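Throughout, read-outs are computed from the coordinates displayed, never taken from laboratory work. Everything quoted here is computed from the prediction, not taken from an experiment. So basically every Cβ, Gly included, is an ideal-geometry build from the backbone, and we count neighbours across all protein chains shown.
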Amino acid sequence: MDRRDLLAGAGAFFGVSLALPLARALAAPGFAASQPLFTQDQQALVAAVSDRIVPATDTPGAVAAGVPQFIEMMLADWYAAVDRNDFLSGFATLEAVARGRHDRAFAAITPAQQDVILTDAMANTLPALPPRFFEHVRQIVLLGYYTSETGCRQERIYLPLPGRYDGAYPYATGTKVFSS
Amino acid sequence: MSDFDAIVIGSGISGGWAAKELTEKGLKVLMLDRGRMVEHRKDYPTEGKGPWELAYRGNLPPAEVERDYSNAKWGGAGSTDRTHFFNNDRLNPYDYEASKPFRWVRPDQVGGKSLIWGRVSLRWSQLSFDANKVDGHGSPWPIGYDDIAPWYSYVESFAGIAGARDGLPQLPDGEFQPPHPMNAGELWVKARLEAAMPGRHLINTRVANMTQDKPEQGRFRCQERNQCARGCSFGAYFSTQSSTLPAARKTNNLTLLSDHLVTGLDYDRRHKRVTGVRTIDTNTQEARVYTSRIVFLCASAMSSVHILLNSRAEGGDRSVFDSSGLLGKYIMDHSMRTTVYGVIPDPALDGLATYGRRPTGVYIPRFRNLDGQDADADFVRGYGFQGEGGRRNAEPAGFGKAMKEGLRNHGPWQIGFNAFAECLPYKDNVLTLSSKTDRFGMPLLVFDVTFRDNEARMMNDAQRQGEAMLKAAGLVNVGSHQDEHVPGDAIHEMGGACMGADPRASVVNKWNQAHDAPNLFVTDGACMASTNCVNPSLTYMALTARAADRAVKLVKTNAL
């Protein structure tokens, strides 16, 4: 085999046109929740929390990257029941705090109001919140975002086939970093 | 009339080499593997996929890991990019007392661990061949460096090893392609460590990931993806699929049967010959005996011993290959759960990061007990360090825009190492057969293996020396820890059919022939009489090629 043929083939294989394999894969375990877990209200809540943790900036945010669906899949099919219940109870607490303070759902209050509640959650000052709930939510949002195609290809630079290793690659603070 | 000239049991690193060498020298060969077929390129389902295309984004649910991969998880089976290349521990169990765990990490496919190995390829030196004789542990090696050196060259040239010629007597140079380069952080540490502590060396890890093409083999240089364990369509790293299997197939002398478990060997006691290989088709449960003039047993160290232990005469409970009484004894592994790390405090490196994902790192070769026993060493033999330098992403706290933008930054340059230490051969570290049987009726393998004082002292020394080296090199925030050292963890399990000159004190001779059956060659890790501290696969390759050369000469002169 000629090396350039292989590279050309690999370019197509590792490139963008993955719609078909992805469509097939979505039916397999580990891509979408095997059965719906969230109510509509929970979907809206998880979406709102996700987008405050990783908001849209000059690149898309968590919702555009499909993070809420990722979280639903992980809670439905990955976590043990005790951890799933902690998550759901923590989300319920956030919802109750929003309704108590603003008489509206978390998803319906302003981003600034949402941030105040999340800051309280981070500081562990909300009663009845499971321990380390905020950090767990933060971690699963970051995992979902930075392993998403959006996170890898838009927020970071995705190198499916680097072709070389440079151990002294010029880098300026604040520029994009490489995804896994 | 035999079915084949030779039967090769197992298709991993050793079996693949046996099949290549024997078929190229004109023998009709049957290669058997208990696992499923994996074809090069075609059967690498996760190759080239982004994180978002991997099930669960790369991590199998913990409940599934514990159910099916309770031991294989120590080799990475919980990563969904490679789970399909590991043994299911629930379906294929083994046994040990709860107080003496052994982490047996197995593959279950043609190609064996060659698809998922760490690819570190280091030569033994005379120092390590002499060790058993010098300090009296285990069975003395009947071969030395000069016996194996040409075979190292032979297998290195074919496999494609990238490394630098470092000129160190304890780690002989080989036939190398250019190394994968060190990064800025590693070069920084190398310069300062070697200046501050003469005798300590930081070198490129020597690795079976090519930096130059081998078009004659249809193999191309590494693309620096660092996703080797998914399989590599470039054939950039050595595996059975990329390297030895195509060579063996090219001869038209190879028959390969996947899904065939070998349960034991038939034996003619009068003529001291293996007369048949007992198999079970794992799909149909059909039993069949295949015959050949010679047999190469390369089923992986522990499985090869398993097969030998289960080769018992009708009604007997003792293996026909155990006239020495040493079959299944001297089971070893490296200990490796000592970690040292530090941060490089040099703002001059702030403007540098790494491009690409290098599939290897750096190595600190053994420096202890090189020239006789060190005065301050409370242990015999030594250890090396495998490590890597680099920069992680920054880890800003909080949430929102500032955190997201903060994640675009790198943290400081760091370097970290794991010590890999030699484990002494202990006669009472043993494998035996259980009264319980598996789904094919084969008795379970039982491990009774522990690390002892010498290993513990060496790990403590590695922790002290490792910290001292990083501090001497000028690193800051230097830290270290030891996790529980559990045998099997290094996936360098060895021994059980040790090599030696004396048939009363060893299981195979210096050509890897069983003392009890000269037409049986055991060339995988089972034959090892000691472990040295370096990764063993390259030595299995060289021993296998050497034994195959010998075997064919004996066949052609009708000595076998």
Subject >> Part-to-part distance (alpha-carbon centres) for segment A:96-139 and segment B:1-56, which is given in Å >> reply: 55 Å
**OP:** Could you run the Karplus curve 6.51 cos²θ - 1.76 cosθ + 1.60 with θ = phi - 60° over segment B:17-24 and give me ³J(HN,Hα) per residue in whole Hz, x for Gly and Pro?
**Re:** 5, 4, 4, 4, 5, 5, 5, 5
**OP:** Would you kindly derive the ³J(HN,Hα) couplings of segment B:127-142 from the backbone phi angles with the Karplus curve 6.51 cos²θ - 1.76 cosθ + 1.60 (θ = phi - 60°), listing them in order in whole Hz, with x for Gly and Pro?
**Re:** 3, 7, 5, 7, 4, 4, 5, 5, 9, x, 8, x, 8, x, 5, x
Subject >> Phi to ³J(HN,Hα) by Karplus 6.51 cos²θ - 1.76 cosθ + 1.60 over segment A:137-143, Hz, x for Gly, Pro >> reply: 5, 4, 5, 6, 5, 5, 4
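Can you sort B:Val262, B:Val320, B:Val486 from fewest to most other Cβ atoms within 10 Å of each residue's own Cβ?
Taking fewest neighbouring Cβ atoms as first place, the list is B:Val486, B:Val320, B:Val262.
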Subject >> Distance from segment B:390-446 to segment B:352-370 (C-alpha centre basis), Å >> reply: 17 Å
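I need the peptides B:341-352, B:52-63, A:66-77 ranked by packing, meaning the mean over residues of other C-beta atoms within 10 angstrom, with the highest value on top.
Values: B:341-352: 16.0, B:52-63: 19.2, A:66-77: 22.1.
Final packing ranking: A:66-77, B:52-63, B:341-352.
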Original post:
Of A:Pro130, A:Gln43, A:Ile53, whose Cα points farthest to the positive end of the dipole of segment A:34-155 (charges on the beta-carbon: +1 Lys, Arg; -1 Asp, Glu; origin at the Cα centre)?
Top reply: A:Pro130
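Is there a quick way to get the dipole size of segment B:177-330? I mean about its Cα centre, with the Cβ of Lys and Arg at +1 and of Asp and Glu at -1; what is the value in debye to the nearest 20? Write out the running numbers ahead of the final one.
Working: 21 positive and 13 negative charges, 75 e Å.
With only Lys, Arg, Asp and Glu charged at Cβ, the dipole is about 360 debye.
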Original post:
Once both axes come from the Cα atoms, what is the angle between helix A:111-122 and the longest principal axis of chain A, in degrees from 0 to 90, rounded to 10?
Top reply: 90 degrees
Subject >> Mean shadow area of the protein assembly as shown over all directions, Cα convex hull, nm² >> reply: 32.9 nm²
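Beta carbons within 10 angstrom, averaged per residue: use that to sort the peptides B:35-42, B:85-92, B:158-165, highest first. Mind dumping the intermediate values first?
Details: B:35-42: 16.9, B:85-92: 18.8, B:158-165: 22.8.
Taking the mean over residues of other Cβ atoms within 10 Å, the ranking is B:158-165, B:85-92, B:35-42.
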**OP:** Sort B:Tyr69, B:Tyr154, B:Tyr383, B:Tyr237 so that the residue with the fewest other Cβ atoms within 10 Å of its own Cβ comes first and the one with the most comes last.
**Re:** B:Tyr154, B:Tyr69, B:Tyr237, B:Tyr383
**OP:** Can you tell me the relative contact order of chain A? Whole percent, Cα pairs under 8 Å, sequence separation 6 or more.
**Re:** 23 percent
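Take the alpha carbon gyration tensor of segment A:34-155, find the square roots of its eigenvalues, order them as a ≥ b ≥ c, and report rounded if a/c is under 1.5; if not, report prolate when a/b exceeds b/c, else oblate.
Details: a/c = 1.63, a/b = 1.20, b/c = 1.36.
Because a/c hits 1.5 or more and a/b fails to exceed b/c, segment A:34-155 counts as oblate.
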Subject >> Helix A:40-53 axis, angle to chain A major axis (alpha carbon atoms, nearest 10°) >> reply: 70 degrees
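What is the average number of partner chain Cβ atoms found within 10 Å of a Cβ in B:350-361?
Working: counts 3, 6, 6, 10, 8, 13, 10, 5, 5, 1, 1, 0.
Taking all residues of B:350-361 together, the mean is 6.
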Original post:
What's the average, rounded to a whole number, of partner chain beta-carbon atoms within 10 Å of each residue's beta-carbon in B:120-131?
Top reply: 0
Subject >> For segment B:33-100: rounded, prolate or oblate by the Cα gyration tensor [a/c cutoff 1.5] >> reply: oblate
Subject >> Shielding by partners - mean other protein chain Cβ count within 10 Å, residues of B:399-411 >> reply: 6
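Which order do A:Phe106, A:Phe38 fall in if you start with the one that has the fewest other Cβ atoms within 10 Å?
Numbers: A:Phe106 25, A:Phe38 20.
Ascending number of Cβ neighbours within 10 Å: A:Phe38, A:Phe106.
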Original post:
Cα gyration tensor of segment B:130-195, axes a ≥ b ≥ c as square roots of the eigenvalues: rounded (a/c below 1.5), prolate (a/b > b/c) or oblate?
Top reply: oblate
Original post:
Per 5 Å bin, what is the whole-percent P(r) computed from every C-alpha pair distance within segment B:310-433?
Top reply: 2, 8, 11, 11, 11, 10, 9, 9, 8, 6, 5, 4, 3, 2, 1
Original post:
If you find the alpha carbon centre of segment B:498-524 and of segment B:219-241, how far apart are they in angstrom?
Top reply: 34 Å
Original post:
For segment B:396-480, what is the relative contact order in percent, using Cα pairs closer than 8 Å and at least 6 residues apart in sequence?
Top reply: 20 percent
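Percent relative contact order of chain B, based on C-alpha pairs within less than 8 angstrom and at least six residues apart? Mind dumping the intermediate values first?
Numbers: 1355 pairs, mean separation 122.6, N = 560.
Reported as a whole number, the value is 22 percent.
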